[in-house]
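Enquirer: For reference, the structure I am asking about is given below.
The values are calculated or read from the model by the stated rules, or taken from the named source; none is laboratory data. Everything quoted here is computed from the prediction, not taken from an experiment. So basically every Cβ, Gly included, is an ideal-geometry build from the backbone, and we count neighbours across all protein chains shown. Note: areas computed on protein heavy atoms with side chains; ligands, DNA, RNA excluded. Shrake-Rupley method; radii C 1.70, N 1.55, O 1.52, S 1.80 Å.
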Amino acid sequence: MNYDQFNDYCRSLPATTHVVQWGNSQVWKVGGKVFAVGGWGKDKQPAITFKTSPRNYDFLKDLEGYIPAPYFANRGMKWIQQVDTEGHLDEDLKYYLSESHRLVSLGLSKAKQKELGLNQ
């Protein structure tokens, strides 16, 4: 998945906003909270960072094509970075981005979730 495809997919999720920050990274938020970041890849290769459940984190952190997310995982947060973006992991990545969106949205106040029409 390239950054254009990443942005298109994140844009399709409900109640999302997009900003460019943190060294020109593509940052996607729900309710003002980050759920995905496109950027920070080595050697200018695409890298996609997202929040995971503890179970998915334990599964992905040692799987080829994924690493614990720099800046997030080393602070104890369950975030993963997909560093292999050659296409064969695209469907998996869509699932993990949707899950990240869901997890972050569940952390919003009930009032904010209702305002945004999430998790009803």
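Enquirer: Towards the positive end of the charge dipole of the chain, with charges on Cβ (+1 Lys, Arg; -1 Asp, Glu), say which of 49, 106, 6 has the farthest Cα.
Expert: Going by the Cα projections, it comes out as 106.
Enquirer: Using the Karplus curve 6.51 cos²θ - 1.76 cosθ + 1.60 with θ = phi - 60°, what ³J(HN,Hα) values do you get for each residue of region 65-78, in whole Hz, with x for Gly and Pro?
Expert: For region 65-78, the Karplus-derived couplings read x, 10, 9, x, 5, x, 6, 9, 5, 6, 9, x, 7, 8 Hz, x marking Gly and Pro.
Enquirer: Give the residue list of GluC sites (Glu not before Pro) in region 11-120 that are DSSP loop and have at most 13 other beta-carbon atoms within 10 angstrom. Provide the component values of the computation, followed by the final result.
Expert: Values: sites: 64, 86, 91, 99, 115; in loops: 64, 86.
Sites meeting the loop and neighbour criteria: 64, 86.
Enquirer: Relative to the longest principal axis of the chain, what angle (0 to 90°, nearest 10) does the C-alpha long axis of helix 3-12 take?
Expert: 20
Enquirer: So, counting K/R as plus one and D/E as minus one, what does the shell of residues with Cβ under 10 Å around residue 31 add up to? Numbers along the way, then the final one.
Expert: Details: positive: 29, 33, 112; negative: 115.
It works out to a net charge of +2.
Enquirer: Taking H as built 1.01 Å from N, whose amide H comes closer than 5 Å to the amide H of residue 66, not counting residues under 5 places away?
Expert: 83
Enquirer: Quick check: the angle from helix 90-106's long axis to the longest principal axis of the chain, C-alpha only, nearest 10 degrees?
Expert: For helix 90-106, the angle is close to 40 degrees.
Enquirer: For the chain, with every protein chain kept in place, what is the accessible area per residue (1.4 Å probe, Å²)? Please list the in-between numbers first.
Expert: Working: 6820 Å² over 120 residues.
Here the residues of the chain average 57 Å² of exposed surface.
Enquirer: OK, next. So if I place +1 on the C-beta of Lys and Arg and -1 on the C-beta of Asp and Glu, and nothing else carries charge, what would the dipole magnitude of region 1-87 be about its Cα centre? I want it in debye, nearest 20. Could the numbers behind the result be given before it?
Expert: Details: 10 positive and 8 negative charges, 100 e Å.
Here the size comes out at about 480 debye.
Enquirer: Would you count, across the chain, every pair of lysines whose alpha carbons are under 18 angstrom apart, provided the pair is eight or more residues apart or spans two chains?
Expert: Value for the chain: 18.
Enquirer: Could I ask something else about it? What longest range of the chain stays clear of loop-exposed chymotrypsin sites (Phe, Trp or Tyr not before Pro) (DSSP non-H/G/I/E/B, at most 16 other C-beta within 10 angstrom)? Intermediate values should be presented prior to the final figure.
Expert: Working: sites that count: 22, 71.
Answer - 72-120.
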